[in-house]
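**Student:** Right, I'll just put the structure down here and ask away after.
The values are calculated or read from the model by the stated rules, or taken from the named source; none is laboratory data. Owing to the predicted nature of the structure, the values given are computational and were not obtained by experimental measurement. No Cβ is skipped: glycine too gets one built from the backbone with ideal geometry, and neighbour counts run over all protein chains shown. Please note that ligands, DNA and RNA were not included when accessible areas were found on the heavy atoms of the full protein model with its side chains. Shrake-Rupley method; radii C 1.70, N 1.55, O 1.52, S 1.80 Å.
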Amino acid sequence: MYFRRKQSQGRIYLQIVESHRSGDQVRQRVIATLGRLDELEASGQLDRLLRSGARFVQQAMVLDAARTGDAPAVAVRRIGPALLFERLWQETGCHSVITALARGRGHRFSLERAVFLSVLHRLMRGGSDLAADRWREDYRITGSDALELHHLYRAMAWLGEALPADQQDAVTPFAPRCMKDLVEEQLFAHRRDLFSRLDLVFMDTTSLYFEGQGGQTLGEHGFSKDHRPDLHQMILAVVIDGDGRPVCSEMWPGNTADVTSLVPVIDRLRRRFAIGRLCIVADRGMISAEAIAALEARGLLYILGARERSDKLVRDVVLNDAAPFVPLVIEKRRRDIHYGAKAVELAGQHYIVCINHQQAEKDAADRAAILASLERQLRKGDKTLVGNTGYRRFLKTAGKGHFAIDRAKADDDARFDGRFVLRTNTDLSPLAAMLRYKQLWSVEQTFRTAKHLLATRPIFHRLDETIRGHVFCSFLALVLKAELEARIADLGHTASWPAIIADLDALTETEVEQDSRRFLLRATPRPAASIAMRAAGVALPPTVQAVATV
């Protein structure tokens, strides 16, 4: 195709013409007549048309040259992570809150940029601050080029530094009030409106072990949920609201028992966020007679998991209640889960007995498989069975150092199939209380699915404040993750977190050189990245754009 001047009745017109072969002859076919040439030139329409066409030609030429290798690549940067999470960082208030708190500190680098880099590294990879400093070299992160490794260390220390003595009014016995607490409070205030309330909170804990000593006071030996009792550890607690949004985090020495931490954290929570009415949902690891008495003395509501096997009252009386269960069917992952719940009043205490019928069937099948395996093993010899905890709970001594299956233990174990017991002082119906407690399982799922965010190892810091700042960046990563997942759900979509991370990491921008000019070529986004970008309201940069020369 080409442009052609066509004269008609003393005027010259501009046409777009295409040549085509008809038999042995080449003929021309008019695609379009654009108008009188003098009018097109006078109005500037021709210049605009040619500039517009040249833009597409340039893009096509650059893309073709890149495909054929005629345009050598100068640099390749990953742009997806910063492009997406920068928007969420802004809209959740993280940028404005940290910038405001850091103002006036006299640092000659951007504390906010250093914190964002650390948070982004937690989301994508995780690990030490040294690893974050090396990792960012392959990514385009606005404002990070001037950062150095010691800037990351100083940012961690700033987040974890203790506040002055006159600002320690909401302190717990386990840790001082720190700068990161101000960040949490202002982030909550940022998203709080006339309709948002913090009247239902879920709390769960995990442990993080250290390869070294773990700071001045944080690193202590304790019950290790990572099965590393030989190492010092710290305890990390996360409080999440009824909508599944992280509210705050708490960090304690590794020898702090869960049952001693619940009440101090709740007291601190009420003062920090100006909460009046509050219902606490926590697992059985947090329950004790002292904790329940303290909650009731404060007029607080609670739904707490009970210890079905170790609490004699629950085991021998509550579970034996003969009243029928009220049924409930919940659809989960396109299949129906059948539950039941009933209330049991005992000595002025309110219990809820719950059952998951599918889980009960699984528990019964698992026990039958263990007993069948036990019978086979006993025929071969029983000495090695004692070390197997799954086997040992169904064994009894049979004289002269031998063992036999204890059928009474097996029958007693069947009483617990699919069942769990709650203790509460709310006036909720049994089914409503069970559903509230089931939300706590979502919190536990958050801990499991966000393991790479919260397991911030290795931690090489030696001071408490830098350790607290390092771990707090994982909490901020959890804030952004929850925000993104909520927005994806609002679109009616689902996307697995590993797929989102992998697809974001694959979104690259390649700088190429052609005809002494440089261009940026953006890769095509993969499906999970496209959903995430749309959920966050992020527009992708052009497929091809010229690099401005200085």
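**Student:** Express in Å², to the nearest 10, the accessible area of H227 obtained by rolling a 1.4 Å probe over the protein heavy atoms while all chains stay in place.
**Tutor:** Per-residue accessible area (H227): approximately 150 Å².
**Student:** Next up: Give the whole-number value, in cubic angstrom per residue, of the convex hull volume spanned by the C-alpha atoms of region 82-225.
**Tutor:** Convex hull volume per residue, Cα atoms: 169 Å³.
**Student:** Place the peptides 6-12, 539-545, 419-425 in order of packing, highest mean first, counting for every residue the other Cβ atoms within 10 Å and averaging per peptide.
**Tutor:** 419-425, 539-545, 6-12
**Student:** Once every DSSP H run of n ≥ 4 in the chain is given -39500 (n - 2.57) and the sum is divided by its residues, what mean residue ellipticity at 222 nm do you get, rounded to the nearest 500 deg cm²/dmol?
**Tutor:** Here the helix-only value at 222 nm equals -13000 deg cm²/dmol.
**Student:** Let me ask another. Within a Cβ distance under 14 Å of E511, other residues only, what is the Lys/Arg minus Asp/Glu net charge?
**Tutor:** +3
**Student:** Within a Cβ distance under 12 Å of H357, other residues only, what is the Lys/Arg minus Asp/Glu net charge?
**Tutor:** Overall, the nearby charge balance is -2.
**Student:** Sticking with this structure for a sec: For region 258-327, with every protein chain kept in place, what is the accessible area per residue (1.4 Å probe, Å²)?
**Tutor:** That works out to 45 Å² for each residue.
**Student:** Please work out the C-alpha center-to-center distance from region 131-206 to region 289-338 and express it in whole Å.
**Tutor:** Taking the Cα centre of each part, region 131-206 and region 289-338 sit 35 Å apart.
**Student:** Once you have the alpha carbon radius of gyration of region 458-512, what is it after dividing by 2.2 N^0.38 Å, with N set to its residue count?
**Tutor:** My calculation over the Cα atoms of region 458-512 gives 1.60.
**Student:** Further question on the same structure: Fully extended, how many nm does the chain gain between R21 and W497 (0.36 nm per residue separation, minus their Cα-Cα distance)?
**Tutor:** That pair, R21 and W497, stretches by 165.8 nm at full extension.
**Student:** Please give the per residue accessible area of region 486-537, computed with a probe of 1.4 Å over protein heavy atoms only, in Å².
**Tutor:** Counting only protein heavy atoms, the per-residue value for region 486-537 is 48 Å².
**Student:** Excluding ligands and nucleic acids, what accessible area in Å² is computed for M179 using a 1.4 Å probe, to the nearest 10?
**Tutor:** For M179, solvent-accessible area is about 20 Å².
**Student:** If the label point is 7 Å along Cα→Cβ of F3, which residues in region 18-51 have backbone nitrogen under 13 Å from it?
**Tutor:** 34-51
**Student:** Leaving out ligands, DNA and RNA but keeping every protein chain, what accessible area does S224 have, in Å² rounded to the nearest 10, with a 1.4 Å probe?
**Tutor:** About 10 Å², ignoring ligands and nucleic acids.
**Student:** What are the DSSP H helices in the chain that stretch 30 Å or more along their long axis, judged by alpha-carbon atoms, and whose average Kyte-Doolittle hydropathy comes to at least 0.0?
**Tutor:** Taking the DSSP H segments of the chain (at least 30 Å long, mean hydropathy at least 0.0), we get 464-490.
**Student:** Order F174, F223, F475, most accessible first, counting only protein heavy atoms with a 1.4 angstrom probe.
**Tutor:** Listed by decreasing accessible area, they come as F223, F174, F475.
**Student:** Mind grabbing the base-10 log of I(q)/I(0) for region 222-265 at q = 0.18, 0.23, 0.32 Å⁻¹? Debye formula, identical points on the C-alpha positions, no solvent, two decimal places.
**Tutor:** Taken in order of the listed q values, log10 I(q)/I(0) reads -0.60, -0.84, -1.13.
**Student:** Right, here's the next one. Any chance you could run the full-extension gain for Q90 through Q216? It's 0.36 nm times the residue separation minus the Cα-Cα distance, nm to one decimal.
**Tutor:** 41.9 nm
**Student:** Computing the accessible area with a 1.4 Å probe over protein heavy atoms, can you report the carbon and sulfur percentage for region 118-195?
**Tutor:** 53
**Student:** Using the scaling law 2.2 N^0.38 Å as the reference, what is the normalised Cα Rg of region 222-297?
**Tutor:** Computed over Cα atoms of region 222-297, the ratio equals 1.19.
**Student:** Also: The chain: D in µm²/s via Stokes-Einstein (Kirkwood Rh, Cα pairs, 37 °C, 0.692 mPa s)?
**Tutor:** Roughly 115 µm²/s, to the nearest whole number.
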